[in-house]
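Some notes on the structure that comes next.
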Amino acid sequence: MKCFSMFSKDKSKSKRRESRSAPELRNQSKPDNPLSRTTRSTPSPRSIPELYKEKEHNLRVFSLEELKDATNGFNRMLKIGEGGFGSVYKGSIRPLNGRGDPTVVAIKRLNTLGLQGHKEWLAEIQFLGVVSHPNLVKLLGLEDHLFNTTSTLPWRTRLEIMLGAAEGLAYLHDGLEVKVIYRDFKSSNVLLDENFRPKLSDFGLAREGPSGDRTHVSTAVVGTYGYAAPEYVETGHLTIQSDIWTFGVVLFEILTGRRAIERNRPTSEQKLLDWVKQFPPDSRRFTMIIDPRLRGNYSLGAAQKVGKLANSCLNKNAKKTNDESSGRELEASNKESDEASSSADKSAGTSSTRKGDRQKV
């Protein structure tokens with residue numbers, strides 16, 4: 001869990017379309033086995049369906065007519081995303097009592113001919129009915145901003161986004177009665193609000209994690225090519241480590257400004273993870289993979305720490321690393337970025353003052 005703890009704050013102190021180069025994985029050769037409940041003397045954690053049953057009376061049910069009204073008849077001008085599930089529309093929902101301002105929402109409409117179906121839709125409804133966290137969706141995404149060719153995300157903003165995303169994942173893994181494996185962490189599923197606060201979205205592929213003495217959940221292999229952990233792809237064994245792996249992939253996307261898979265690049269650079277291996281964080285060549293659109297406006301020391309963190313996430317033994325050391329590492333990384341920025345500001349101020357003095361003389 002080093003990857004997430006590094007991005008954890010000190011608690012005591014306080015879709016656009018998916019990339020065409022990253023098609024969804026869908027291997028049905030492995031059975032989707034149900035989870036078995038542990039038979040220990042201590043009470044077993046409740047399952048997601050059980051937790052949902054407890055909270056479903058607090059959820060508002062909408063009729064099809066209400067959703068049509070909210071989206072102006074599912075107007076194509078209000079479509080904000082589309083994937084294997086179907087289309088997502090921007091909508092406006094009025095309060096039940098008719099008072100107050102409408103709430104802007106995202107409304108999914110199931111595509112009966114899509115790659116995902118009724119089962120995944122029910123799973124997402126249940127997960128969203130149970131989870132509650134500021135870094136989960138309850139609204140262009142990281143992908144849109146990170147890979148935009150006309151502008152770029154500042155270095156500090158990238159770190160803050162990954163901090164929030166890590167907290168969202170940590171909540172899914174350890175903040176509920178049951179462990180939840182997200183299974184589809186990628187830049188296009190990290191949505192951003194107007195203040196660039198990240199929100200994890202799309203829980204259609206989420207699964208309950210192993211309980212009791214179980215080490216994994218056996219399931220059909222689904223996800224997005226370039227992000228899914230190799231061990232999961234090879235065996236169908238789903239673990240918390242599967243999410244940690246994909247987090248490491250997105251960290252390298254944050255560093256490089258490149259997608260996990262880009263078919264339009266030279267063969268040796270098409271797979272991001274293969275390419276970055278040539279430029280270890282401690283080597284002099286490491287700066288060659290940093291997003292050139294940052295134009296040098298980043299802390300090299302902090303970037304090296306993020307690179308090391310990404311490598312640890314992609315290490316099968318990452319879960320054995322020390323959480324406390326990871327927290328200290330993040331604190332040092334953030335501090336290093338702040339100090340570098342402060343130093344640059346002071347230098348610019350001094351230069352400006354000297355220039356002004358010369359003009360007065």
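Things worth noting here:
- Looking across segment 241-274 at every residue that is modelled with pLDDT of 95 or more, among the charged types (D, E, K, R) and not in a loop (DSSP other than H, G, I, E, B), the one that is surrounded by the fewest Cβ atoms within 10 Å (Cβ to Cβ) is identified as ASP274.
- Taken together, the residues in segment 151-196 that are outside any helix (DSSP H, G or I), of a type in the set (Phe, Trp, Tyr) and crowded, with 19+ Cβ neighbours inside 10 Å amount to 2.
- Scan of segment 276-307 for residues that are polar (S, T, N, Q), surrounded by fewer than 17 Cβ atoms within 10 Å (Cβ to Cβ) and either within 21 Å of PRO154 (Cβ to Cβ) or touching a Cys at 6+ places or on another chain (Cβ under 8 Å) (or both), ordered by number: THR287, ASN297
- Close pairs from segment 255-270: first of a type in the set (Ser, Thr, Tyr), partner exposed (fewer than 14 other Cβ atoms within 10 Å of the Cβ) and at pLDDT 95 or above, Cβ under 9 Å, at least 6 apart: SER268/ASP274; SER268/GLN278
- Residue count, segment 273-283 (criterion: more than 19 Å from GLY301 (Cα to Cα) and touching a helix residue (DSSP H, G or I) at 6+ places or on another chain (Cβ under 6 Å)): 1
- Of the helices (runs of 4 or more DSSP H) lying entirely inside segment 62-150, the ones with 3 or more residues being modelled with pLDDT of 80 or more and more than 22 Å from the chain's Cα centre (by Cα) are found at 64-70.
- Every condition in (1) touching a helix residue (DSSP H, G or I) at 6+ places or on another chain (Cβ under 7 Å); (2) under 20 Å from ASP184 (Cβ atoms) holds for GLY91 except the one numbered (2).
- From the list LEU205, LEU238, LEU191, the one residue that fits, being farther than 18 Å from ALA123 by Cβ and aliphatic (A, V, I, L, M), is LEU191.
- Flag for LYS277 being at pLDDT 95 or above and either out of contact with any Gly (no Cβ under 9 Å at 6 or more places or on another chain) or over 21 Å from PHE147 (Cβ atoms) (or both): yes
- Members of segment 190-218 that are under 25 Å from LEU251 (Cα atoms) and among the aliphatic types (A, V, I, L, M): VAL190, LEU191, LEU192, LEU200, LEU205, ALA206
The values are calculated or read from the model by the stated rules, or taken from the named source; none is laboratory data. Please read these numbers as outputs of a predicted model, since none were measured by experiment. Note that we place each Cβ from the backbone using ideal geometry, even for glycine, and neighbour counts take in every protein chain shown.
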